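Have a look at the structure below before the remarks.
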């Protein structure tokens, strides 16, 4: 393992490259049919202020000295956005750094007064304000809106959009106030627009949904009308959604309908519709940073590795 401190737009970032082989991953049942090959998966997640990528049998840690609050990698691998804590308390002003992973692109440094949420969606990286949920396109340095949605996700070509409106949010609050104790505060109507066609469904968790980059899949958490819940669901272009009983705090769905998600104190988990149980990928307890995991591609993983490696080549390793 090698460590080097570097400066990027005023950031002093120690970059740590750590590679290792990955074993097979099993579900809690440990049954043969539940075994998956983790080398077939390619994802990134945030843990204790540092970013990890796992792809094609290798793990790589990119250390931000525990100061990263959130991250997102653009779908095509052009940028990584990282949000850094600037306050000792962890609450207050933060810096958002958009780092180019390809030549010919510019680096962007943005300050915000309070930590926001970063998502790779709609063909860019969107930063949502904490309270108002207004979206800001970090790559193009401009506000991003999809009326009538107040909060949204969409495909890279923006032909498929999912989200909810101000009215949906108002109705959610009214239901919760009229029926205290029933746990309705997190239940909201999700509106899905696919090539001009509209669909509505009820989800559990106003921010827990995602649209795949190709627009073919939608994932969300809902409460079934009968039986146990909540349900984690994946819906394709046609047919009924596939669901499994499990909760999630943050979700990311791939272009093949596979879901990687964060579940409370458990960690990073994986599910696809042909599995009878969810799979634990990373045993990581809840922390103060945003609990986020994101699907990436092998090309994106290589771009992140090349970026981190280039920084090490520019700055000789130092011993600690």
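Taking segment 132-180 and the strands (runs of 3 or more DSSP E) fully enclosed by it, the elements with 2 or more residues that are touching a residue at least 24 places away in the same chain (Cβ under 8 Å) and surrounded by 13 or more Cβ atoms within 10 Å (Cβ to Cβ) are at 149-154, 160-165. Screening the candidates 194, 187 for the property of being surrounded by 16 or more Cβ atoms within 10 Å (Cβ to Cβ), touching a residue at least 12 places away in the same chain (Cβ under 8 Å) and in contact with a helix residue (DSSP H, G or I) (Cβ under 7 Å, 6 or more places away or on another chain) yields one hit, 187. Among the conditions (1) in a strand (DSSP E or B); (2) within 22 Å of residue 148 (Cβ to Cβ); (3) modelled with pLDDT of 95 or more, the only one that residue 215 does not satisfy is (1). Filtered by the rule that a residue be part of a loop (DSSP other than H, G, I, E, B) and closer than 19 Å to residue 92 by Cβ, segment 62-82 gives 64, 65, 66, 67. In this entry, residue 114 is excluded by the filter for residues that are closer than 17 Å to residue 250 by Cβ and either out of contact with any helix residue (DSSP H, G or I) (no Cβ under 6 Å at 6 or more places or on another chain) or in contact (Cβ under 8 Å) with a residue 60 or more places away in the chain (or both). Can residue 136 be described as closer than 18 Å to residue 73 by Cβ and touching a strand residue (DSSP E or B) at 6+ places or on another chain (Cβ under 6 Å)? It is true that residue 136 is closer than 18 Å to residue 73 by Cβ and touching a strand residue (DSSP E or B) at 6+ places or on another chain (Cβ under 6 Å). Test residue 95 against the stated conditions and say whether it is outside any loop (DSSP other than H, G, I, E, B), at pLDDT 85 or above and surrounded by fewer than 20 Cβ atoms within 10 Å (Cβ to Cβ). Yes; evaluated as a whole, the condition is true for this residue.
Count of segment 224-244 residues, restricted to those that are over 25 Å from residue 158 (Cβ atoms) and either buried (at least 16 other Cβ atoms within 10 Å of the Cβ) or modelled with pLDDT of 95 or more (or both), is 7. Pairing residues of segment 47-68 that are without any contact (Cβ under 8 Å) to a residue 12 or more places away in the chain with residues that are assigned to a loop (DSSP other than H, G, I, E, B) and buried (at least 19 other Cβ atoms within 10 Å of the Cβ), at Cβ distances under 8 Å and at least 6 apart in sequence or on separate chains, gives no pairs at all.
The values are calculated or read from the model by the stated rules, or taken from the named source; none is laboratory data. Predicted model only: the values in this text are computed from it and were never measured. Every residue, glycine as well, gets a Cβ built from its backbone with ideal geometry; the counts of neighbours run over all protein chains shown.
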